[in-house]
């Protein structure tokens, strides 16, 4: 490998890191995103969101300097998904099991999350919102990568 070839690797990595940081900051700086959830309840959802943000950023490496609009278009979808889950988890303990299952089933196609749909009734049986958040995040599709 030539010197030019080895120098290109770190430059691309730094560029990807910059893109991922840009997307992550759009999520992390939105204090409304977490709603009234505790750190324990919100963290699994944030981890899921960051995985997707990183994947969208990585998908822009071929766009040169014109990558920000693509990330800017992706972040609102991620925020909508997390926002819907936050709203559900905020009312989790006050909702009957059947209502929680119905809400999870309704959210599943918006991801799309077949495992969430298949596990909705089982997940709805979890009484604790923090445990539910971890289980729900595990049932969501992982970010492509």
If residue 15 passes every condition in (1) modelled with pLDDT of 95 or more; (2) crowded, with 16+ Cβ neighbours inside 10 Å; (3) touching a helix residue (DSSP H, G or I) at 6+ places or on another chain (Cβ under 9 Å) but one, which one does it miss? (1)
Give the range 96-140 a look and list any residue that's surrounded by fewer than 18 Cβ atoms within 10 Å (Cβ to Cβ), touching a helix residue (DSSP H, G or I) at 6+ places or on another chain (Cβ under 8 Å) and within 21 Å of residue 75 (Cα to Cα), or say none. 109, 110, 138
Are there any pairs, at least 6 apart or on different chains, whose C-beta atoms fall under 8 Å, with the first in the range 66-78 and over 18 Å from residue 32 (Cα atoms) and the second outside any helix (DSSP H, G or I), and if so, which? 67/60; 70/59; 70/60; 71/60
Scanning the range 80-94 for residues that are surrounded by fewer than 17 Cβ atoms within 10 Å (Cβ to Cβ) and more than 19 Å from residue 109 (Cβ to Cβ), the one nearest to the chain's Cα centre (by Cα) turns out to be 90
Give the range 44-79 a look and list any residue that's over 18 Å from the mean Cα position of the chain (by Cα), part of a loop (DSSP other than H, G, I, E, B) and surrounded by fewer than 17 Cβ atoms within 10 Å (Cβ to Cβ), or say none. 64, 65, 66
Can you find even one residue in the range 35-42 that is without any contact (Cβ under 8 Å) to a residue 40 or more places away in the chain and in contact with a helix residue (DSSP H, G or I) (Cβ under 8 Å, 6 or more places away or on another chain)? no
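The values are calculated or read from the model by the stated rules, or taken from the named source; none is laboratory data. None of the values given here were measured: they were computed from a predicted structure. Every residue, glycine as well, gets a Cβ built from its backbone with ideal geometry; the counts of neighbours run over all protein chains shown.
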